[in-house]
1. Suppose R0 equals 51 Å; then what is the FRET efficiency for A:Asp739 and A:His60 from their Cβ-Cβ distance, rounded to the nearest 0.05?
2. When only Cα pairs under 8 Å and 6 or more residues apart are kept, what is the percent relative contact order across region A:348-423?
3. On a 18 Å Cα-Cα criterion, which of the cross-link pairs A:Lys253/A:Lys290; A:Lys181/A:Lys232; A:Lys481/A:Lys571; A:Lys208/A:Lys232; A:Lys208/A:Lys290 come out too long?
4. Set the Förster radius R0 to 51 Å, insert the Cβ-Cβ distance between A:Val325 and B:Arg17 as r into 1/(1 + (r/R0)^6), and round the FRET efficiency to 0.05.
5. So which of A:Lys38/B:Lys33; A:Lys447/A:Lys521; A:Lys281/A:Lys447 end up more than 24 Å apart by C-alpha?
6. Counting other C-beta atoms within 10 Å, which of A:Trp318, A:Trp408 has the fewest, and how do the rest follow?
7. Counting only other chains, and only Cβ atoms inside 10 Å, what mean value do you get across the residues of A:63-69?
8. Arrange A:Cys163, A:Cys212 by Cβ neighbour counts within 10 Å, fewest through most, would you?
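Any read-out appearing in this document is the output of simple, stated calculations on the displayed coordinates, not a laboratory observation. Keep in mind that this is a model prediction, so the values were computed, not measured. Here the Cβ is made from the backbone with ideal geometry for all residues, glycine too, and neighbour counts use every protein chain on show.
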Amino acid sequence: MPTWKEKLVGRMDQQLAEEIDIFETQMVLRRQGKLDEKIFAETRLRRGCYGQRYDNGHRHDGIRTQQLPYLSDVTKGPETLWDAPGMQRIKIPFGGVTPNQLDTLADLAEEYADSVLHVTTRQDFQLHYVHIEDTPDLMRRLAAVGITTREACGNSVRNVTACPLAGVCRSEVFDVTPYAKACSKFLLGHPDTQGFGRKFKIAFSGCKDEACALTSMHDMGCIAVKRIENGKERRGFELYVGGGLGAVPHQAKLFEEFLPAEELLPIAQAISRVFARLGEKKNRAAARIKFLVTKLGIEEFRRIVLEERKIMPADDRWTGYLSNVDRYQETPKRQPARLNGHDRPEGFEAWSRTNVYAQRQAGYAVVTVTLPLGDLSASQSRQLAKIARRFSGDNIRTTVEQNIVLRWISEADLPDLYRELKRIGLAQPGAGTIVDVTACPGTDTCKLGIASSRGLAAEIRNRLSEKFFTLEDAVKNLHIKISGCFNSCGQHHIADLGFYGTSRTIGNRKVPHFQVVLGGKWQQNAAAYGLAIGTVPSKRIPEVVELLTERYVRERSGNENFQEFVKRIGKPELRRMLELFMDVPSFESDPSYYSDWGDPRVFTIGDLGMGECAGEVVSTVQFDLANAERLVFESQLKLDEEDYAEADALAYKAMLQAAIALVRTEFHDVPDHPNTIVNEFRTRFYDTNVLGDRYAGNKFAQYLFRRHEAPTSVYTRDYAHRIVEEAQLFIEAVYACHDSLSERGTVGISAKSPVQVGKATP
Amino acid sequence: MDLYRLGIKFFDVAGERIEPTEFIPIFHEWIQKQTIENHLLIDVHNYSHIHDGPGILLVAHQGNFSIERADDRIGLLYYRKQPVQTFTEIIKPAVQGCRLLENDARLRPRLRFRTDEVLIVANDRLLAPNDDETFSALEPQVSSALNHVLGKSFGLTRISDDSKERLIIRAQA
Ligand code: HEM
Ligand code: SF4
C-alpha cells in the first residue's frame with residue numbers, strides 16, 4: 001500500500017520529515033507503554049495535538065453521564081484516551097498562508113477532520129475531531145507545503161503573530177513581517193526554549209497606536225520604531241515583556257525603548273533562557289513570564305536578561321537574516337488600478353465600507369473575508385484559494401479577529417472579487433465591527449469550557465446582523481469578544497463588550513452564565529483591560545448587549561468612546577443595568593435558562609476535563625532522556641531487521657543523547673559534538689564518581705567510553721546485540737544518577753554559574 | 001480493505017423547509033440511546049453558520065454524519081473514519097441514519113430520502129486519486145455493495161475529473 005511518507009519524500013524539509021518520523025515512533029512507544037503518559041502528553045502538545053472535550057471518556061448526554069466505551073484504554077496523556085478525537089493546531093507564523101497551503105489545509109480538513117477549518121485568535125488554524133493515528137500523515141502533508149505544527153501548543157514559543165496589514169499599512173513605521181518570520185524560525189525548536197514552565201507568546205506590531213498586533217497582552221511584544229543615528233536611519237523595536245491575558249491579566253512592561261534590530265533575536269533568546277531558568281515550574285497558575293517579571297520587577301528582570309545576553313555563545317543567525325530584510329517584498333498578482341466607472345454589484349458598497357482597506361500602495365486594497373466564528377468549510381477554502389490565485393497571489397493572511405485577508409487586490413478588481421466571494425458565501429459585510437464577534441472554542445470542543453462562547457457569539461451575530469444597517473456608527477464600531485471560561489482565549493479583556501463563561505447554582509441545578517467585562521481597549525495594541533461588572537444568565541446576554549449599546553448611543557456626549565462612557569457611567573450604575581437580567585426563574589417555570597445556546601441538553605459542568613492549556617511541565621532532561629530511549633528503541637528495530645551497522649550507530653547516538661542530557665543540567669551550552677559530550681560527561685560525572693555513586697553507574701559509563709573511543713568495523717549480530725543492551729543500561733544509569741541528584745537537590749550545580757537573582761555582577 | 005475513507009450522501013426528495021437546528025435535539029437523542037449500530041456516538045456540532053459546510057454534525061468514533069446542503073441539495077452525508085472489511089459497512093450506517101430521520105415524529109413527513117440516487121465520495125487522496133483507474137477499481141465493489149444494501153442495481157458515473165477534487169461517483173438506479 002502506498003504511504004504519504006513515501007509519496008512525499010523529497011518534498012518535505014528533511015528536518016521536519018525526521019521530526020515527524022520521531023513523533024510516529026513516540027506514538028508507538030506510548031501505545032506499548034514504554035513512554036510515560038505525561039511526557040507523551042507534552043510531546044504531542046508540542047506537535048500541536050491537543051486533547052478535546054470528552055476525551056476522558058465521560059460525557060453528559062442530557063440525562064446522565066455516559067462512559068464512552070472506547071475499545072482501548074491506552075491513554076495519550078493523563079485522563080486522555082488514545083482513541084478519543086482531538087484537536088490539531090497548525091501554526092501559521094504572522095498568519096501568512098498561500099493558496100497552495102490553503103488547498104492542503106482543505107484536503108486535511110476533509111480527510112482527517114470534520115471538513116471545517118477554524119481560524120484562531122492567534123492567527124493559527126485548527127482542525128477538530130482528529131484521530132491521533134492520522135496526525136503523522138497530516139503533519140507530513142503540511143510539511144510538504146512548508147508548514148509545521150511544532151510548538152503550536154505546550155510549554156513553548158507559540159505562534160509569532162503580527163499585524164495582518166504589515167507591509168501595506170498606511171500607518172506603519174516599517175514592515176515587521178521579515179522580523180516576525182526570522183524570530184519565529186530562530187526560536188522554533190531552539191534548545192533554549194525547551195525548558196519553559198509555561199507557554200510564551202510573541203507579537204509584532206508596525207506601529208504603536210493601532211490595535212492590530214495587541215502587543216501589550218503578549219509575553220513579548222515588539223513595536224517597530226526608527227531612529228536617526230549619526231545621520232543614518234536605524235530600525236529597531238520598542239520592546240515589551242510580561243503581558244498576558246488569562247485569569248490574571250497583565251499589561252506588558254517596557255523593557256527597552258529602542259532595541260536595535262540586530263539585538264532582536266539575541267534578546268529574545270536571552271529572555272527565553274531567563275524564563276526557562278527562573279520561571280515558576282510547579283505552580284502552573286503562576287508560571288507565565290508575567291509573574292516572573294512582576295516578582296523580580298522589570299529593572300531586575302532587565303538586568304538579568306542583559307547579563308545573560310553577555311554570556312551567550314554568539315550565533316550567526318542573530319543577524320544573518322538582516323541582509324535580506326530590505327529585499328523582502330510581496331508580489332502582487334495584478335496591476336494597480338483605481339476603481340472608477342466599474343459596474344458595482346448589489347451589496348458591494350456596504351461590503352466595501354467595512355471590508356476593504358486602501359493600501360499604502362496606490363491602486364491596491366486589502367480585502368477582509370469575514371468568517372463567521374472563524375470557520376470556513378473545506379470547499380470554501382479551496383475556492384478561496386482559487387480566488388486568491390486570480391486576484392491576490394500568495395498574499396493571504398489570517399487575523400486575530402478570526403478572519404482572512406487578501407492583500408494586493410487591484411482596486412479595479414474589487415467588484416469582481418466581491419461577486420466571487422459572494423458566490424461561495426464569504427462576502428458578509430461588517431468586518432471589524434460589532435457583528436464580527438470573536439469567540440474561543442468554548443464548550444464546543446474545549447475541555448475547560450464552562451459556557452458556550454460560540455453558541456452565544458452566533459446568537460449575538462445573528463441578532464445584530466439583522467439590524468446591522470440601521471445601527472449607529474458608534475455601535476457598529478464596537479468589538480465583542482467571548483471566552484468560554486476565565487482563561488480568556490477569546491480575549492474578552494480587550495473588547496468593548498467582553499464576556500466569559502461561568503456557572504451559577506440555582507436550586508440544585510446549574511445555570512450557564514457569562515461575566516460581563518466592559519470597556520477593554522483594543523486600540524493602541526490592547527492598551528487597557530475591561531472591568532468585570534457582573535454575572536448574567538447566558539440566555540439574557542443578547543439583551544444586555546442591546547441595552548448597553550442603546551444607552552451608549554443615547555447618552556454618549558459628543559465623540560465619547562465606549563471606554564470613556566463606561567468610566568463615566570461608573571461600575572455601580574452599570575451593575576444596576578445588569579441587575580435587570582440577573583434573576584433566574586425556576587426550572588419548572590422556564591427551563592430554557594438551564595440549557596446553553598445551541599445545545600438542548602440540560603446544562604452541566606460535569607463535562608469539564610483536565611485542561612491542556614499547556615500540558616505537563618516536563619524538564620529538558622526528561623525530554624532528552626525520553627529521546628535517548630526512543631533511539632535505543634529504534635536501534636532495537638534495526639537489530640531485528642538485521643541492519644547491524646545502523647543498530648550500532650543508533651545505540652551510540654542514544655548513549656550520547658543520555659550523556660548530553662546530564663551534562664546540560666550543569667553546562668547549558670555544551671556543544672553538541674561527540675568528543676565534547678564525552679569529555680564533559682567524563683570530567684563532570686565519571687571522574688567525580690557522581691555517576692558511580694549509586695547502582696555502579698561508572699561501570700555503565702565505560703560502555704559509552706568504549707564505543708566512543710573504539711568503534712568497530714565488523715558488525716556482527718552479537719556485537720550489535722551487545723551494544724544495544726549496553727545503551728539501554730547506560731540510559732538507566734543516567735536516569736538513576738539524575739534521580740539521585742534531584743533528590744539531593746544538587747541538579748545543575750554548575751561550574752559556569754548562571755546569573756543570580758538580586759546579585760549584580762561587577 | 002485498504003481504502004476506508006469514503007463518504008456517502010443520500011438526498012432528500014420531500015423538498016420541504018427544515019431548519020438545520022431542528023436536527024440538533026434529534027442527534028443528541030441518538031447519542032443518549034446510542035442508536036446507530038456499531039457506532040460510538042460522541043457529540044453534536046452546529047456548523048449551520050457556514051455556507052456549504054457540514055451543517056449539523058454528529059460525530060462518532062467510526063464516522064461522522066452530517067446534514068448538509070452542498071449544491072443546494074439537502075441530504076445526509078456519512079464519512080467513514082475507521083477501517084472496514086467491506087463497503088456495505090459504510091452504506092449501512094448512512095441508511096440507518098436516513099431511516100431514523102424519516103421516521104422521526106418531529107420531521108415526518110417533511111423529510112424523505114431517495115434511494116435511487118446516491119453520491120459516493122472517495123475521501124482519500126493517496127489511495128483513491130481522482131482518475132479513471134481508481135474509478136474502474138472501485139466501480140464493481142461499490143455497485144455490488146449498493147445493490148446488496150439497497151436491493152437495486154446502479155449505474156455509476158464520475159462527476160468531475162478535476163485532479164484537485166476528490167473522486168466523486170454518482171450512482172443512479
Ligand atoms: C489553563 C488553560 C488555558 C489558558 C490559561 C489559556 C489562555 C489563553 C489565552 C490567554 C489565549 C489568548 C490569546 C493570546 O494570548 O493571544 C489563548 C489562546 C487560545 N486558546 Fe487557550 N488557554 C487555555 C487552555 C485552552 C484550551 C484547553 C483550549 C481548547 C482546546 C484553548 C484554546 C485556545 C485557542 C484556540 C486560542 C487561540 C490560539 C492560538 O492559535 O494559539 N485554550 N489561550
Ligand atoms: S477560554 Fe476557556 S473555554 Fe475558551 S478555549 Fe480557553 S480554556 Fe477553553
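1. Working from the Cβ atoms, E equals 0.80.
2. 35
3. Working: A:Lys253/A:Lys290 9 Å; A:Lys181/A:Lys232 25 Å; A:Lys481/A:Lys571 20 Å; A:Lys208/A:Lys232 22 Å; A:Lys208/A:Lys290 21 Å.
Correct reply: A:Lys181/A:Lys232; A:Lys481/A:Lys571; A:Lys208/A:Lys232; A:Lys208/A:Lys290.
4. Numbers: r = 57 Å, r/R0 = 1.12.
With a Förster radius of 51 Å, E is 0.35.
5. Numbers: A:Lys38/B:Lys33 34 Å; A:Lys447/A:Lys521 28 Å; A:Lys281/A:Lys447 22 Å.
From the list (A:Lys38/B:Lys33; A:Lys447/A:Lys521; A:Lys281/A:Lys447), the Cα-Cα distance tops 24 Å for A:Lys38/B:Lys33; A:Lys447/A:Lys521.
6. A:Trp318, A:Trp408
7. The shielding value for this peptide is 3.
8. Going from least to most buried by this count: A:Cys212, A:Cys163.
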